[in-house]
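**Q** One structure, pasted below without further comment.
The values are calculated or read from the model by the stated rules, or taken from the named source; none is laboratory data. Computed from a predicted structure; not experimentally measured. Glycine gets a Cβ as well: all are built from the backbone with ideal geometry, and neighbour counts include every protein chain shown.
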Amino acid sequence: MQVHRPTYEEALSLLKEFNQNESLLKHAYSVEAVMRYVARKTGEDEEKWGIIGLVHDLDYELFPEEHCEKTKKVLEERGWPPEYIRAVVSHSWGMYSEEEPQECMEKVLYAVDELTGLVSAAALIRPSKSLADLEVKSVMKKWKEKSFAAGVNRQVIEKGASMLGVEIKELVVDVIAGMREVADKIGL
């Protein structure tokens with residue numbers, strides 16, 4: 001099959017083909033927005049980064065035991081570029097995948113995937129239930145409370161930040177900024 005660069009419409013259609021769960025869709029939109037934000041900030045390909053963020057958990061709803069494996073097969077069958085597939089698979093390095101993030105885009109996806117969950121949870125406990133008034137210090141305070149958003153793998157975030165050579169706070173700034181761009185879409 002010939003490799004082609006997927007369009008946003010193709011990626012969105014694929015996401016919705018495999019996902020109906022509202023919280024998983026909101027997570028996909030959150031990660032997409034953060035990836036786009038960081039790509040713009042660093043002069044990278046915003047569309048490419050956004051599409052990869054959008055489909056990174058493509059198989060999670062229907063095939064949680066085959067997470068990343070099934071996505072790899074689906075994207076290969078549809079002729080997606082190898083670098084897109086590698087980036088998606090590497091986001092789950094050490095959990096569901098042996099593919100270590102190498103490229104900047106892969107490291108950003110690895111680092112921000114879990115962090116979007118912590119930021120969402122921190123926004124939801126605010127009186128406003130909004131990202132609009134969420135501050136980095138509030139997220140960092142919740143970071144220290146291991147029982148808060150206990151499902152968020154803080155070690156992955158720390159490892160991702162280390163790979164990128166940035167502080168966790170810096171990642172939090174980017175995640176909040178990126179997610180604010182889709183606040184209405186994700187209900188925050």
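**Q** Do you know which residues across the range 78-124 are surrounded by fewer than 19 Cβ atoms within 10 Å (Cβ to Cβ) and farther than 29 Å from residue 169 by Cβ?
**A** 78, 79, 81, 82, 83, 98
**Q** May I pose another question? Of all residues in the range 1-58, which are of a type in the set (D, E, K, R) and either in contact with a His (Cβ under 8 Å, 6 or more places away or on another chain) or closer than 20 Å to residue 81 by Cβ (or both)?
**A** First, pick out the residues of the range 1-58 that are of a type in the set (D, E, K, R): 5, 9-10, 16-17, 22, 26, 32, 36, 40-41, 44-48, 57.
Within the range 1-58, 5, 9, 10, 17, 32, 36, 44, 45, 46, 47, 48, 57 meet the criteria.
**Q** Would you check if residue 42 is within 26 Å of residue 153 (Cβ to Cβ), without any contact (Cβ under 8 Å) to a residue 60 or more places away in the chain and either of a type in the set (S, T, N, Q) or out of contact with any helix residue (DSSP H, G or I) (no Cβ under 6 Å at 6 or more places or on another chain) (or both)?
**A** Values: within 26 Å of residue 153 (Cβ to Cβ): yes; without any contact (Cβ under 8 Å) to a residue 60 or more places away in the chain: no; either of a type in the set (S, T, N, Q) or out of contact with any helix residue (DSSP H, G or I) (no Cβ under 6 Å at 6 or more places or on another chain) (or both): yes.
Criteria not met by residue 42.
**Q** Just to be sure before I move on: is residue 132 crowded, with 20+ Cβ neighbours inside 10 Å, at pLDDT 95 or above, touching a helix residue (DSSP H, G or I) at 6+ places or on another chain (Cβ under 8 Å) and under 16 Å from residue 179 (Cβ atoms) in the structure I sent?
**A** Working: crowded, with 20+ Cβ neighbours inside 10 Å: no; at pLDDT 95 or above: yes; touching a helix residue (DSSP H, G or I) at 6+ places or on another chain (Cβ under 8 Å): yes; under 16 Å from residue 179 (Cβ atoms): yes.
Answer is no for this residue.
**Q** Here is a list: 188, 124, 164, 118. Which entry is of a type outside the set (Gly, Ala, Ser) and closer than 21 Å to residue 60 by Cα? Step through it out loud before you land on a result.
**A** Numbers: 188 fails: closer than 21 Å to residue 60 by Cα; 124 fails: closer than 21 Å to residue 60 by Cα; 164 fails: closer than 21 Å to residue 60 by Cα.
Unique residue meeting the criteria: 118.
**Q** Turning to a different aspect of this structure: Determine whether the range 153-175 contains at least one residue that is in contact (Cβ under 8 Å) with a residue 12 or more places away in the chain, touching a Leu at 6+ places or on another chain (Cβ under 9 Å), buried (at least 17 other Cβ atoms within 10 Å of the Cβ) and in a loop (DSSP other than H, G, I, E, B).
**A** Checking the range 153-175: not a single residue is in contact (Cβ under 8 Å) with a residue 12 or more places away in the chain, touching a Leu at 6+ places or on another chain (Cβ under 9 Å), buried (at least 17 other Cβ atoms within 10 Å of the Cβ) and in a loop (DSSP other than H, G, I, E, B).
**Q** Count, please, the residues in the range 138-152 that happen to be under 16 Å from residue 110 (Cα atoms) and buried (at least 19 other Cβ atoms within 10 Å of the Cβ). It would help to see each step written out before you state the result.
**A** Just the residues of the range 138-152 that are under 16 Å from residue 110 (Cα atoms), to begin with: 151-152.
Those still in the list that are buried (at least 19 other Cβ atoms within 10 Å of the Cβ) too: 152.
Result for the range 138-152: 1.
**Q** Let me confirm something: among 83, 99, which residue is charged (D, E, K, R), under 17 Å from the mean Cα position of the chain (by Cα), closer than 20 Å to residue 162 by Cβ and not in a strand (DSSP E or B)? Full working, then the answer.
**A** On the way: 83 fails: closer than 20 Å to residue 162 by Cβ.
Sole residue among the options that is charged (D, E, K, R), under 17 Å from the mean Cα position of the chain (by Cα), closer than 20 Å to residue 162 by Cβ and not in a strand (DSSP E or B): 99.
**Q** Let me ask something else. Kindly evaluate residue 75 against the criterion of being modelled with pLDDT of 95 or more, outside any helix (DSSP H, G or I), out of contact with any Lys or Arg (no Cβ under 6 Å at 6 or more places or on another chain) and buried (at least 19 other Cβ atoms within 10 Å of the Cβ). Walk me through it before giving the result.
**A** Values: modelled with pLDDT of 95 or more: yes; outside any helix (DSSP H, G or I): no; out of contact with any Lys or Arg (no Cβ under 6 Å at 6 or more places or on another chain): yes; buried (at least 19 other Cβ atoms within 10 Å of the Cβ): yes.
So residue 75 does not fit the description; no.
**Q** Of everything in the range 137-150 that's of a type outside the set (A, V, I, L, M, F, W, C) and in contact with a helix residue (DSSP H, G or I) (Cβ under 7 Å, 6 or more places away or on another chain), which residue is farthest from residue 123 (Cα to Cα)?
**A** Initially, the range 137-150 is screened for residues of a type outside the set (A, V, I, L, M, F, W, C), giving 137-138, 141-142, 144-147.
From what's left, in contact with a helix residue (DSSP H, G or I) (Cβ under 7 Å, 6 or more places away or on another chain): 138, 142.
Values: 138: 9, 142: 11 Å.
Here the residue is 142.
**Q** Another question, then. What pairs come out if I take residues in the range 7-32 that are without any contact (Cβ under 8 Å) to a residue 24 or more places away in the chain and farther than 28 Å from residue 173 by Cα and pair them with residues that are of a type in the set (D, E, K, R) and assigned to a helix (DSSP H, G or I) whose C-beta lies under 6 Å away, six or more apart or interchain?
**A** Cβ pairs passing all conditions: none.
**Q** Within the range 122-135, can one find any residue that is among the acidic types (Asp, Glu) and not in a helix (DSSP H, G or I)? Walk me through how you get there before you give the answer.
**A** Taking the range 122-135 as the starting set, the residues that turn out to be among the acidic types (Asp, Glu) are 133, 135.
Cutting the leftovers down to not in a helix (DSSP H, G or I) gives us 133, 135.
Looking through the range 122-135, at least one residue is among the acidic types (Asp, Glu) and not in a helix (DSSP H, G or I).
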